[in-house]
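Here the structure comes first, spelled out in structure tokens, and everything after it is commentary.
The values are calculated or read from the model by the stated rules, or taken from the named source; none is laboratory data. The structure displayed is predicted, hence computed values, not measured ones. Neighbour counts are summed over all protein chains in view; Cβ atoms, including those assigned to glycine, are modelled from backbone coordinates with ideal geometry. SASA here: full protein model, heavy atoms, side chains in, ligands and nucleic acids out. Shrake-Rupley method; radii C 1.70, N 1.55, O 1.52, S 1.80 Å.
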Amino acid sequence: MPQQLTTQNEMDAFADQVARELGTHCRTRPGYPHKLGRIIIDDDNRGLRLYQYDPRRPDRLQIYAGLPDETQVQAPSIKVTAISPAHVAREISRRLYPLHAQALEQAAKLTARQQAEEHARRTVAETIAAHLPGARIEEQHRRTRIIWQPTPAPTAQHAPAQVDSLSVTVGASGERVQVEAGGPPDAVIPILAALPRTSRG
């Protein structure tokens, strides 16, 4: 018969038993405030978050397998009936751990792709910035912005018309560059023409 987990003490005791079923070195710790739940740290240092997700069904649990970074890949979860600690441990091993492995693989691929994008973008940005002395580089979400405002010549000198500002945005993989320039045409055009050509890869 499923166990009715209606108090935190009952949840704590049940989670402790699940942890013992999962492995010899599993341990538990408190869950998050205002939720009836418990966290199990398993033998592989995975964080398993057990929650009672519906107070009307005190025998039902939702269990999440935590990821190092859950901002890009959502932590996988399963719902299971608290028939017994052994049953819940089996469902974690049978259903949740494979989902966790898939999520980790997906997260690793995303990280590798982002690192490759960042490297390509940084290479293009640094090449452009090298031609714009004093340029300021700002990292944005999957974008790099280069801002350049030339130092005006002393007022006593009759310098040619100066560009007011130049803003260059390098796209996620460094494959696209967007340029915005402000100033008289005879000042802006030579600067745009002087921007370096960058090759992919």
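At-a-glance table
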| quantity | calculated |
| --- | --- |
| Residue count for the range 46-83, restricted to those that are buried (at least 18 other Cβ atoms within 10 Å of the Cβ) and under 16 Å from Asp12 (Cα atoms) | 9 |
| Search result, residues across the range 4-58 that are modelled with pLDDT under 90 and among the polar types (S, T, N, Q) | Thr24 |
| Identity of the residue in the range 86-123, among the acidic types (Asp, Glu) and under 30 Å from Gln140 (Cα atoms), that ends up least open to solvent (accessible area, probe 1.4 Å) | Glu117 |
| Residue within the range 93-115 that is over 19 Å from the mean Cα position of the chain (by Cα) and of a type in the set (D, E, K, R) present | yes |
| Enumeration of residues in the range 1-18 that are in a helix (DSSP H, G or I) and surrounded by 14 or more Cβ atoms within 10 Å (Cβ to Cβ) | Gln8, Glu10, Met11, Asp12, Ala13, Phe14, Ala15, Asp16, Gln17, Val18 |
| Test: residue in the range 131-143 that is in a loop (DSSP other than H, G, I, E, B), modelled with pLDDT of 80 or more and within 25 Å of Gln72 (Cα to Cα) | yes |
| The range 35-45, residues that are under 16 Å from Thr6 (Cα atoms) and either part of a loop (DSSP other than H, G, I, E, B) or open to solvent by 100 Å² or more (accessible area, probe 1.4 Å) (or both) | Lys35, Leu36 |
| Given (1) part of a strand (DSSP E or B); (2) at pLDDT 80 or above; (3) open to solvent by 40 Å² or more (accessible area, probe 1.4 Å), index of the condition Ile147 fails | (3) |
| The listed residue being among the β-branched types (Val, Ile, Thr) and either in contact (Cβ under 8 Å) with a residue 24 or more places away in the chain or touching a Ser or Thr at 6+ places or on another chain (Cβ under 7 Å) (or both), out of Thr81, Thr24, Thr28, Thr71 | Thr81 |
| Filter result for Thr111 (assigned to a helix (DSSP H, G or I) and not aliphatic (A, V, I, L, M)) | yes |
| In the range 150-176, residue farthest from Glu126 (Cα to Cα) [restricted to those that are modelled with pLDDT under 80 and part of a strand (DSSP E or B)] | Ser165 |
| Qualifying positions in the range 24-34 - under 27 Å from the mean Cα position of the chain (by Cα), part of a loop (DSSP other than H, G, I, E, B) and either surrounded by fewer than 17 Cβ atoms within 10 Å (Cβ to Cβ) or on the phi > 0 side of the Ramachandran plot (or both) | Tyr32, Pro33, His34 |
| Residue under evaluation Glu21, criteria (1) part of a strand (DSSP E or B); (2) of a type outside the set (Val, Ile, Thr); (3) surrounded by 15 or more Cβ atoms within 10 Å (Cβ to Cβ), criterion not met | (1) |
| Which listed residue, of Asp12, Asp44, Asp16, is of a type in the set (Asp, Glu) and more than 18 Å from Glu91 (Cα to Cα) | Asp12 |
